[in-house]
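Report on the structure given below.
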Amino acid sequence: MEKPSTARIALKWGIITAIMIMIYTVLLYVTGFFKNPALSWIPFILLLFGIIMSLREYKSLNDKFLNFSEGLGLGTLMSTVCGLIAAMFNYIYIKFIDTTIIQQMRELQIEQMENQGLSQAQIDQAMEIASRFATPGLTFIFSVIGYVLFGFVFSLVVSAIVKNSKPEIDF
């Protein structure tokens, strides 16, 4: 039997997962809930779901066999595809659709620093540093890196759990 294509499965589940993340992101932006830090972890749960589903599909197409390295490679590739698509969408959304998102995040950071009791000089210094990194381009790069790193770690764990290597044949 021919081995299933990891690239095809990674592309399929990367796109599906990215679409789920994009829908979730739009809902957060439209409702204003993007200001709640606890809700920013949901895309990574969706990423974990995509990894599990891609490994599950590969395993079912490969006579229930999946070794650790195949699972790690597939999950990481799927995460990269997902990260590129989701980050590109986020870039386009922030840059062209709703250009006020970064300003709203900036205002939220200032409010949080004021609540922590920081002086105006400290807030200004922190915001000057933060403004260097709060550009759509750097947000894109950091998003892709984050998805790949989290995807790699998730793939390590999931692959270790669901692996089922083919038995060695002794002659």
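For the criterion of being in contact with a strand residue (DSSP E or B) (Cβ under 8 Å, 6 or more places away or on another chain) and more than 22 Å from residue 152 (Cβ to Cβ), residue 35 fails. Taken over segment 29-41, residues that are surrounded by 15 or more Cβ atoms within 10 Å (Cβ to Cβ) and either in a loop (DSSP other than H, G, I, E, B) or hydrophobic (A, V, I, L, M, F, W, C) (or both) amount to 1. Highlighted here are the helices (runs of 4 or more DSSP H) found entirely within segment 80-171 that include at least 2 residues which are surrounded by fewer than 17 Cβ atoms within 10 Å (Cβ to Cβ) and touching a residue at least 40 places away in the same chain (Cβ under 8 Å): 101-115, 136-162. Residue 64 meets the conditions (1) more than 21 Å from the chain's Cα centre (by Cα); (2) outside any loop (DSSP other than H, G, I, E, B) in every case but one. The failed one is (2). Could you list, in sequence order, all residues of segment 55-71 that are crowded, with 20+ Cβ neighbours inside 10 Å and over 18 Å from residue 2 (Cβ atoms)? If the condition is that a residue be crowded, with 20+ Cβ neighbours inside 10 Å and over 18 Å from residue 2 (Cβ atoms), then 55, 71 are the ones that fit. Only one entry in 143, 131, 155 is more than 20 Å from the chain's Cα centre (by Cα) and among the hydroxyl-bearing types (Ser, Thr, Tyr), namely 131. Taking segment 45-54 as the range and being within 12 Å of the chain's Cα centre (by Cα) and surrounded by fewer than 17 Cβ atoms within 10 Å (Cβ to Cβ) as the test, the residues that pass are 45, 49. Checking the structure you have, find out if any residue of segment 97-116 is modelled with pLDDT of 90 or more and either under 27 Å from residue 12 (Cβ atoms) or of a type in the set (Ser, Thr, Tyr) (or both). Yes: segment 97-116 contains one or more residues that are modelled with pLDDT of 90 or more and either under 27 Å from residue 12 (Cβ atoms) or of a type in the set (Ser, Thr, Tyr) (or both). Scanning segment 1-28 for residues that are assigned to a loop (DSSP other than H, G, I, E, B) and free of Cβ contacts under 8 Å to residues at least 12 places away in the same chain returns 2, 5.
The values are calculated or read from the model by the stated rules, or taken from the named source; none is laboratory data. Values in this document were obtained by computation on a predicted structure and should not be read as measured data. Using ideal geometry, Cβ is built from the backbone for each residue, glycine included, and neighbour counts are taken over all protein chains shown.
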